[in-house]
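In what follows, a single structure is set out as structure tokens and then discussed.
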Amino acid sequence: MAGGIEVEQVITCIDCGGRAHLISYPPEDGWQPGDLVVYRCEDCLDRWDLVVPDEEGNVPDSDDS
Ligand SMILES: [Zn+2]
């Protein structure tokens with residue numbers, strides 16, 4: 001089971017609706033839940049830090065109970 005979790009290469013910018021590109025490089029053993037991935041919007045140049053969810057879409061360290 002190598003390769004870790006797939007993450008989106010491009011997301012939609014929350015601010016302007018533009019395309020935000022992944023600028024983080026994956027670790028050697030792939031992304032794992034709880035890793036931080038960084039995107040930058042090509043339109044407004046905002047930076048977005050997201051946490052990699054697990055395979056069920058849950059963010060391990062979120063506390064929304
Ligand atoms: Zn933007």
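Any read-out appearing in this document is the output of simple, stated calculations on the displayed coordinates, not a laboratory observation. Just so you know, these numbers come straight off a predicted model, no measurement behind them. Ideal geometry is used to build each Cβ from the backbone, glycine not excepted, and the neighbour counts take in all protein chains shown.
When you look at residue 37, is it within 19 Å of residue 58 (Cα to Cα), aliphatic (A, V, I, L, M), in a loop (DSSP other than H, G, I, E, B) and in contact with a strand residue (DSSP E or B) (Cβ under 9 Å, 6 or more places away or on another chain), yes or no? Even if it seems obvious, please write down each step before you answer.
On the way: within 19 Å of residue 58 (Cα to Cα): yes; aliphatic (A, V, I, L, M): yes; in a loop (DSSP other than H, G, I, E, B): no; in contact with a strand residue (DSSP E or B) (Cβ under 9 Å, 6 or more places away or on another chain): yes.
No, not satisfied.
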*Among the residues of segment 7-60, which ones are more than 11 Å from the ligand (Cβ to nearest atom), surrounded by 16 or more Cβ atoms within 10 Å (Cβ to Cβ) and among the β-branched types (Val, Ile, Thr)?*
7, 37, 52
*Any idea how many residues of segment 10-34 are of a type outside the set (Phe, Trp, Tyr) and not in a strand (DSSP E or B)?*
16
